[in-house]
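All of the numbers you see were taken from the coordinates with simple rules; none came from a lab. Here the structure is a predicted model, which means the values were calculated and not measured. All Cβ positions, even for glycine, are placed from backbone atoms using ideal geometry, and neighbour counts span all protein chains on display.
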Amino acid sequence: METYRDLPQSTYSLQTTESVRTGTWRTFRPIIDTKKCTRCYTCWKFCPDVSIELREEGDYPKVDYDHCKGCGICANECPTVAITMVREDSIC
Amino acid sequence: MLDLMTGNAAAAKAAMLARVEVIAAYPITPQTSISEKLAEMVANGEMNAKYIKVESEHSAMAALIGASYIGARTFTATSSQGLALMHEMLFWAAGARRPIVMPVVSRALGPPWNIWTDHMDVMGERDTGWMQLFCENNQETLDLILMAYRVAEDKEIMLPAMIIEDGFILSHTFEKVDVPAIEEIDFYLHPFNPDVKVNFRKPRRYGSLVMPDWAMEFRYNNALAMEKAKKKWVEAGIAFKKAFGRDYSSLVELYRCEDADVALIVSGSAAGTAKVAADRMRERGRKVGVAKLRTFRPFPTEELLRLGERVRTIGVFDRSYTFAQGGAIYGEVRNALYPLASDVKVKGYIGGLGGRDITEAEFEKMFEDLLAIARSGSMTKDVEWVALKDGSWRWF
């Protein structure tokens, strides 16, 4: 592309936001303790960024760290307190 | 077929004739009867469209932007505070090049709380990138909506359009309207078929981030489309005349301007009143004319310059105020005529705010004022507010 003539009329990207790692600005990381987790999937329901992965019914939920922003809603909602928020800079 | 209908009924009818596919609307006086009529037509099967009930005008516009990306022909209508609430999404619609068509039933913005017509609401959105056209009567409301789809969806244009009808004066007043058969419209207006459409099997991101190295080029392309729209409106007008006989082949409609000493630029329903006043003046031997500004965006600079070459004293009647130098149209007309500044005088008149009647007698006074300027060659006040309560004209 060299000039305005080469542009499409409006902007679009050929891939979805899944291809963009937006989890890099996270300060706190949610960590799920599978010993306490009852697989109620409350975290999956509440995650505002679709960052709790759930492949099949019966699986433990998994955090998609490429997209999780660390808001902490999952940890706050978890009925068995199985999710703890840990500072990223404390994880080596 | 001739019918008797309100401006709002004409607007709803136009949406039906255009075979609109998605409607999202939220009620607000004096627009409500458009969305009600459309809801009725969708419910009883007269229209094959999806009607999305939304919780605000902001959501109405957001829903239509999405629907337009799918490739659907989209329609909504609003007024005043509702249009103001839509403001952010108006930029989105224009920047994303979505050819949404929306009648705006013009109404004053509060406070003071007021449901009657003036153009403050539409002028507040003049820089959003939307095309903006003013209707003089209900026939024009129906016709311009149909033409708007043809221009808006043109692949070189792809810009949204507001068709402005004055609240109550047009929206709730019955007039004779010639309604074309839907088959005739199909011949004039082809289905919407954009190059880029949402495809669920190939997901993409729309409206994505553009860095400073290219964002300005996107904006330039918007500007270029608006410039090209001038020619497209004229072409759409010529084709419309051929198909239906009514003439919209110019952006500015000149009424008795051929040999006029002075001309008054008026937009919307007040243009009809001004024409009657011009006829009365002509009966008394006063050579006056009316230039009806139908197209405000794109702005008809070239047509106005041609008018200024012939008529050297020009008045501008505005139903809005900018809190600076007069009304919105006045400022832009004076700007357009600046190359002729040494020969042409432009005077602004502010009136008809908040639904105040603007009468033939007031227009006759404006013509007399312009004739006096033409005779003496001097103008003491650039802008005046006409017909204030004490009967005076004022500029502070």
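Set Lys and Arg Cβ to +1 and Asp and Glu Cβ to -1, take the dipole of region B:162-260 about its Cα centre, and tell me which of B:260, B:207, B:225 lies farthest positive. Checking the options against the dipole of region B:162-260, the answer is B:207.
Axis angle, to the nearest 10 degrees, between helix B:360-376 and the longest C-alpha principal axis of chain B: 60 degrees. Along each principal axis, taking the top coordinate minus the bottom one, the Cα set of region B:252-396 gives 37, 36, 29 Å in descending order. Taking max minus min of the alpha-carbon positions on each principal axis, region B:64-223 gives extents of 48, 44, 26 Å, largest first.
For region B:239-396, the relative contact order works out to 23 percent when only alpha carbon pairs closer than 8 Å and six or more residues apart are counted. Short-range pairs are left out: with C-alpha atoms under 8 Å and at least six residues apart, the relative contact order of region B:64-122 is 36 percent. Our summary gives region B:187-308 a relative contact order of 24 percent, counting only alpha carbon pairs under 8 angstrom and 6 or more residues apart. The long axis of helix B:270-283 is offset from the longest Cα principal axis of chain B by roughly 30 degrees.
Here the Gaussian network model covers chain B, with springs between Cα atoms less than 10 Å apart; of B:74, B:117, B:295, B:295 fluctuates the most. For helix B:7-17, report the angle its Cα long axis makes with the longest principal axis of the Cα atoms of chain B; keep it between 0 and 90° and round to the nearest 10°. Its long axis makes an angle of about 40 degrees.
How far, in nm, would the chain grow between residue A:73 and residue A:49 when pulled straight, counting 0.36 nm per residue and subtracting the alpha carbon separation?
Working: separation 24, 0.36 × 24 = 8.64 nm, distance 1.05 nm.
My answer for the length gained is 7.6 nm.
Add -39500 (n - 2.57) for each DSSP H run of 4 or more in chain A, then divide by its residues: what number comes out at 222 nm, to the nearest 500 deg cm²/dmol? Each step should come with its number before you reach the end.
Working: 2 runs with 10 residues, N = 92.
It lands at -2000 deg cm²/dmol.
Across the alpha-carbon set of region B:224-327, the Rg to Rh ratio works out to 0.99, Rh being the Kirkwood radius.
Charge tally around residue B:340: other residues with Cβ under 9 Å, Lys/Arg +1 each, Asp/Glu -1 each, net -1.
Out of region B:110-215, which chymotrypsin sites (Phe, Trp or Tyr not before Pro) are coil in DSSP terms and have no more than 14 other C-beta atoms within 10 Å?
Values: sites: B:113, B:116, B:130, B:134, B:149, B:168, B:174, B:187, B:188, B:192, B:200, B:206, B:214; in loops: B:113, B:116, B:130, B:168, B:174, B:192, B:200.
Qualifying residues, ordered by number: B:113, B:174, B:200.
Annotation note: chymotrypsin sites (Phe, Trp or Tyr not before Pro) in region B:262-326 located in DSSP loop regions with a Cβ neighbour count of at most 12 within 10 Å are B:323. Based on Cα atoms of the protein assembly as shown, Rg over Rh with Rh as the Kirkwood radius reads 1.08. Taking B:167, B:45, B:354 in turn, the Gaussian network model of chain B (Cα-Cα springs below 10 Å) assigns the largest fluctuation to B:45. Within a straight-line Cα-Cα reach of under 28 Å, residue A:35 can be paired with the following lysines, leaving aside sequence neighbours fewer than 8 residues apart in one chain: A:45, A:62, A:69. Per-residue ellipticity at 222 nm, computed for chain B from helices alone with -39500 (n - 2.57) per DSSP H run of at least four residues, works out to -13000 deg cm²/dmol.
Highest mobility in the GNM of chain B, judged by mean-square fluctuation with C-alpha springs under 10 Å and restricted to B:254, B:142, B:83, is found for B:254. Taking region B:153-246 as the region of interest, the number of lysine pairs whose Cα atoms are within less than 16 Å, with members eight or more places apart or on different chains, is 8. Translational diffusion coefficient of chain A (Stokes-Einstein, Kirkwood radius from Cα pairs, 10 °C, 1.306 mPa s): 105 µm²/s. Seen from a random direction on average, the alpha-carbon convex hull of chain B projects onto 20.6 square nanometres.
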